[in-house]
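S.K.: The structure that follows is given in the form of structure tokens.
The values are calculated or read from the model by the stated rules, or taken from the named source; none is laboratory data. Computed from a predicted structure; not experimentally measured. Here the Cβ positions follow ideal geometry from the backbone for every residue, glycine too, while neighbour counts run over all protein chains shown.
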Amino acid sequence: MKNYRLVFMDIFKPNELKEKFNDPWIAPYEKVITMVDNDLVEIVEYHPCISGSHWLVNQYKNTSKLILDAYRDGNKQVFLSKIGHEPLDLKASINAAGIEEISVDNENNTVKVVHSGLAGAGVGAGMCRGMGKGIKQVEIYEKGGGSKLGKVGVVTPKMEKIVIGIDDTDTKDEGATWTMAHNIGMQLKKEGFEYLDHVIVQLYPHNPHKTQNCVSIALTFAVLPGQKEKIIDRTIELLEKDTLSDKTSIAILEGLSIPKKLTEYSMKAKTGMVTVEEAENRAKELNIPLIAVTGDRGKIGALAALGLYNNLDEAVKVYY
């Protein structure tokens, strides 16, 4: 990989960058989070503009060979990428910005992403991005602005992804699983965990055991190495305290990939009846922790939530 340390202009912490560059044409990002799973890297960024990030996501997808998939949700832009170095062929308007290098420093538990962009895209590449929360430091190779090239290396902590499937926290008389799961996510956020998303997964609507709408929930988090057991244990504690059901269960998916057999199981749970034994067998086959918090029946939906957490359109679809 290219040694940018031979050419960069300077290194800044986010607060130093804000002090040195307070120009009216710089709009700081809210936050940047980077998760690693072997050679895959998921970059989650909170853009300063709600829909302005849509342009950026489109440009990055068209320009960067390292990006495998990308989408926008509000002002949150997500890039599923691979580690490596791929030079960019930047062209104004057509391929105006992208990622040309991603590297992981396992010794220091950091990730460096090299962004390049022309004109305003170059300003966003480093000056705006580098002021966000979650940034350890920014290596500025080219400042950018006007019609010039902007190029920076953005260094963030190396994090990991964990998805927690939850089901059966309510009864036919009271409660709601989607709200309880979200409140748990918010509590964990208050305690310092990065709460990324809350996904409602529609399950088989004719299930005779359902309370009403028959959905389960997937909560996604970014955690620092060594924090996985802590967040799982804390989730169980909160559920034990607040659940209204004696059938509550959770399932745990680690990493950035969803096994094909897990998605197939989720689709089966959306379109027909599944037994607890089937859920347990599939979880065992895929080495996915499946935990009865107050009972076993919730295992069916908790596991199903994991297989579709990254496919929102399919997750909410109803099969009659």
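S.K.: Working only within the stretch 299-312, note down all residues that are modelled with pLDDT of 95 or more and assigned to a helix (DSSP H, G or I).
M.R.: LYS299, ILE300, GLY301, ALA302, LEU303, ALA304, ALA305, LEU306
S.K.: Would you confirm whether or not the stretch 204-225 contains a residue that is assigned by TED's automatic domain parsing to the domain that holds THR275, at pLDDT below 95 and closer than 26 Å to VAL32 by Cα?
M.R.: There is at least one residue in the stretch 204-225 that is assigned by TED's automatic domain parsing to the domain that holds THR275, at pLDDT below 95 and closer than 26 Å to VAL32 by Cα.
S.K.: For the stretch 25-45, does any single residue satisfy the condition of being modelled with pLDDT of 90 or more, part of a helix (DSSP H, G or I) and of a type in the set (Lys, Arg)?
M.R.: no
S.K.: Moving on. Among the candidates GLY84, GLY98, GLY117, which residue alone is over 19 Å from ILE11 (Cβ atoms) and surrounded by fewer than 16 Cβ atoms within 10 Å (Cβ to Cβ)?
M.R.: Result: GLY84 is the single residue among GLY84, GLY98, GLY117 that is over 19 Å from ILE11 (Cβ atoms) and surrounded by fewer than 16 Cβ atoms within 10 Å (Cβ to Cβ).
S.K.: How about the stretch 270-320: which of its residues are touching a Pro at 6+ places or on another chain (Cβ under 8 Å) and either at positive phi or surrounded by fewer than 16 Cβ atoms within 10 Å (Cβ to Cβ) (or both)?
M.R.: VAL318, TYR319, TYR320
S.K.: From SER216, SER245, SER257, grab the single residue that is in contact (Cβ under 8 Å) with a residue 24 or more places away in the chain, out of contact with any Gly (no Cβ under 9 Å at 6 or more places or on another chain), outside any helix (DSSP H, G or I) and of a type in the set (Gly, Ala, Ser).
M.R.: Testing whether each residue is in contact (Cβ under 8 Å) with a residue 24 or more places away in the chain, out of contact with any Gly (no Cβ under 9 Å at 6 or more places or on another chain), outside any helix (DSSP H, G or I) and of a type in the set (Gly, Ala, Ser) leaves just SER257.
S.K.: Return yes when LYS143 is assigned to a strand (DSSP E or B) and surrounded by fewer than 21 Cβ atoms within 10 Å (Cβ to Cβ) and no when it is not.
M.R.: yes
S.K.: What pairs come up if the first residue lies in the stretch 265-287 and is in contact (Cβ under 8 Å) with a residue 12 or more places away in the chain and outside any helix (DSSP H, G or I), the second is surrounded by 16 or more Cβ atoms within 10 Å (Cβ to Cβ) and of a type in the set (A, V, I, L, M), and their beta carbons are under 8 Å apart, counting only those six or more places apart or on different chains?
M.R.: Close Cβ pairs (under 8 Å, with a partner that is surrounded by 16 or more Cβ atoms within 10 Å (Cβ to Cβ) and of a type in the set (A, V, I, L, M)) amount to VAL274/ILE300; VAL274/ALA304; THR275/ILE300; LEU286/LEU262.
S.K.: In addition: Looking only at the stretch 176-199, decide whether some residue is under 24 Å from ASN287 (Cα atoms), in contact with a Gly (Cβ under 6 Å, 6 or more places away or on another chain), surrounded by 20 or more Cβ atoms within 10 Å (Cβ to Cβ) and in the same structural domain as GLY298 (by TED's automatic domain parsing).
M.R.: No, because not a single residue in the stretch 176-199 is under 24 Å from ASN287 (Cα atoms), in contact with a Gly (Cβ under 6 Å, 6 or more places away or on another chain), surrounded by 20 or more Cβ atoms within 10 Å (Cβ to Cβ) and in the same structural domain as GLY298 (by TED's automatic domain parsing).
S.K.: Next up: So, in the stretch 10-63, how many residues would count as being in contact (Cβ under 8 Å) with a residue 12 or more places away in the chain and among the basic types (Lys, Arg)?
M.R.: 3
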